[in-house]
Amino acid sequence: MHSSVRRFAAFSAWVALSVSAPVLAADQPLAIFHAFDQTFSALQDSVCELGKQGYSHVQIPPAQRSAKPHEPETKDEWFYRYQPIDFSTIEGRGTEAQLRSLIAKAHSCKVKVIADVVFNHMTSDSNFSSLDKFPGLQSGDFHEKKHIEYHDGNVTTEIVGWLNDDLPDLKQEHESVRTVEKNHLKKLLELGIDGFRFDAAKHMEPRFVKEYIDFVDRESHGNAWNYLEVIEDDDTKLEAYNWIAAVTDFRLYGTLTAAFKHGGDLRTLRVANALDDARSTTFGANHDTRRKIGSHPTNDFAINPCDVGDTSDCHLADAYVLAREGGTPLILNEDNLVAPYIPSGVKFRQVMKERGKQGKNVREHVLGVVDNDTLLVMERGEEGFFVVNKAATVFDTPAIDMTLTHLEGCYRELRNNFVVAIERNIPGKKFVTMWGTRARGGMEVHARDALYFIREPFSVCAH
């Protein structure tokens, strides 16, 4: 394998040269880089590099003025960004001028910017215990304090209850509340924002969420991409909101968490339990499902956390999400940095999309060529394939029968730059005849690793 890496090093820049950069259009994002809690200035420094990696969109933290900690031990943690104080002021992770500068830089690199907006509730900061202190709002603009029940067969408390029993819940029934929030959307659109993530959407009535989406569509002339955070539970299903806009596919997330954790079975992903909506935002992890991200303390409210055993469980699930044909992958900034195969997955997705536009077969199909609970092989038509090994040991087999697949020819692995050949060396049969070197066939995948292969001219394998 290592000699093959050296032999074909000349091909390492092929993808960057042969695939056009993401274009500024109203299309579904190729992949979204979640700039979790990053400042606008820090993201501006890296946004063009993210565009080169293949990301079409970056998602910024909530931009409105929000709560600040009073206790030194809590520091300035990310969850304060989700406790609004004033929707008329940009003071989240930077100033209005810094946000405008970030957007201009992103657009110069043909990268779009999605803003996170928090419309369901305001802050629990004791300085605002008198609810008429919020700019533009009155104390009557809030629901009476109520506990949320997630398993009572009734969505009412989810819509009128106070999150965490302490975040004042806004009355979208009041036109004045909707006006304040629409003005925030309009301000961000005027700054150049290209779409929105609506936080806690399932805690607002669908009719009002629809009104916000319709407002954005009108103001942006249909050029904004929007999606809704909908955390599925016993009372609220994804289908209650995905008729309005794309939603977060927590159904697929649950499937992935079960499959990639220790003792899980990747064969369950041959027909994955997911929302039947190709627009859905998909993820192996997000900021609500991780117990720990970087220097941030443990999140005691993490939803079905993917990092109970090994954080790389989350990364490997992200690798799978990037390999799929459908969905809109959302990748945490830290994961893109620390898992070396994730940037390759973004590039793989970019290549597959480009080849699909050329009329080539890039259909997703999880293969049954290996009957193994820790190894998964997915083809993307004839144009590429993906392999993930979640086991703590190397997967190594001398022969793999690929007869019943669409794969045939020469394929190059994007990160390690070695090539494999799939050939008909027996009449009526196809096998992997070369894996990195002609000295071996079959398949070898390192422990806890993911590989992405794209189709090349066969001459590349003949050298």
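Taking the residues in the stretch 416-456 that are in a loop (DSSP other than H, G, I, E, B) and in contact with a Gly (Cβ under 9 Å, 6 or more places away or on another chain) as candidates, determine which candidate is nearest to residue 344 (Cα to Cα). Step through it out loud before you land on a result.
Step one: list which residues in the stretch 416-456 are in a loop (DSSP other than H, G, I, E, B), which gives 416-418, 427-428, 436-442, 446-448.
Still in the running and in contact with a Gly (Cβ under 9 Å, 6 or more places away or on another chain): 416, 418.
Working: 416: 10, 418: 14 Å.
It comes out as 416.
How many residues are touching a helix residue (DSSP H, G or I) at 6+ places or on another chain (Cβ under 9 Å) and assigned to a loop (DSSP other than H, G, I, E, B) when one looks only at the stretch 277-286?
Taking the stretch 277-286 as the starting set, the residues that turn out to be touching a helix residue (DSSP H, G or I) at 6+ places or on another chain (Cβ under 9 Å) are 277, 280, 282-286.
Next cut, assigned to a loop (DSSP other than H, G, I, E, B) only: 277, 280, 283-286.
Residues that pass the stated criteria total 6.
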Looking at (1) within 11 Å of the chain's Cα centre (by Cα); (2) free of Cβ contacts under 8 Å to residues at least 40 places away in the same chain; (3) closer than 19 Å to residue 60 by Cα, can you tell me which one residue 318 breaks? (3)
Those residues that are hydroxyl-bearing (Ser, Thr, Tyr) and in a helix (DSSP H, G or I), I need them from the stretch 246-260; list them, please. 253, 255, 257
Given (1) modelled with pLDDT under 95; (2) surrounded by 15 or more Cβ atoms within 10 Å (Cβ to Cβ); (3) of a type outside the set (D, E, K, R), identify the lone condition not met by residue 247. (1)
Within the stretch 409-434, restricting attention to residues that are among the small types (Gly, Ala, Ser) and over 18 Å from residue 397 (Cα atoms), which residue is modelled with the lowest pLDDT? 428
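Restricting the stretch 297-329 to residues that are touching a Pro at 6+ places or on another chain (Cβ under 9 Å) and at pLDDT 95 or above, which is surrounded by the fewest Cβ atoms within 10 Å (Cβ to Cβ)?
Checked the stretch 297-329; the qualifying residue surrounded by the fewest Cβ atoms within 10 Å (Cβ to Cβ) is 328.
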Check residue 189 against each of (1) touching a Phe, Trp or Tyr at 6+ places or on another chain (Cβ under 8 Å); (2) among the hydrophobic types (A, V, I, L, M, F, W, C); (3) surrounded by fewer than 21 Cβ atoms within 10 Å (Cβ to Cβ) and name the one condition it does not meet. (1)
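Being farther than 22 Å from residue 245 by Cβ and touching a strand residue (DSSP E or B) at 6+ places or on another chain (Cβ under 6 Å), is that true of even one residue in the stretch 290-308? Before you say what the answer is, go through the steps one by one.
Keep residues of the stretch 290-308 that are farther than 22 Å from residue 245 by Cβ, which gives 290-302, 304-308.
Filter again for touching a strand residue (DSSP E or B) at 6+ places or on another chain (Cβ under 6 Å), leaving none.
Looking through the stretch 290-308, none of the residues is farther than 22 Å from residue 245 by Cβ and touching a strand residue (DSSP E or B) at 6+ places or on another chain (Cβ under 6 Å).
Taking residue 73, is it at pLDDT below 65 and either among the small types (Gly, Ala, Ser) or not in a strand (DSSP E or B) (or both)? Working first, answer last.
Numbers: at pLDDT below 65: yes; either among the small types (Gly, Ala, Ser) or not in a strand (DSSP E or B) (or both): yes.
Yes.
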Against the condition charged (D, E, K, R), in the same structural domain as residue 185 (by TED's automatic domain parsing) and buried (at least 19 other Cβ atoms within 10 Å of the Cβ), how does residue 132 come out, does it pass? no
Enumerate the helices (runs of 4 or more DSSP H) found wholly within the stretch 86-198, keeping only those where 2 or more residues are more than 30 Å from the chain's Cα centre (by Cα) and at pLDDT 95 or above. 175-191
Evaluate the stretch 390-399: report whether one residue or more is touching a Gly at 6+ places or on another chain (Cβ under 9 Å), surrounded by fewer than 19 Cβ atoms within 10 Å (Cβ to Cβ), among the β-branched types (Val, Ile, Thr) and modelled with pLDDT of 95 or more. yes
So which pairs qualify, if the first residue must be in the stretch 435-447 and at positive phi, the second must be in a loop (DSSP other than H, G, I, E, B), the Cβ gap must be under 7 Å, and the two must be at least 6 apart or on different chains? 436/1; 436/418; 442/398; 442/399; 442/400
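The values are calculated or read from the model by the stated rules, or taken from the named source; none is laboratory data. The model shown is predicted, which means the values in this text are computed figures rather than measured ones. In this analysis, Cβ positions are derived from the backbone assuming ideal geometry, glycine residues included, and neighbour counts consider all displayed protein chains.
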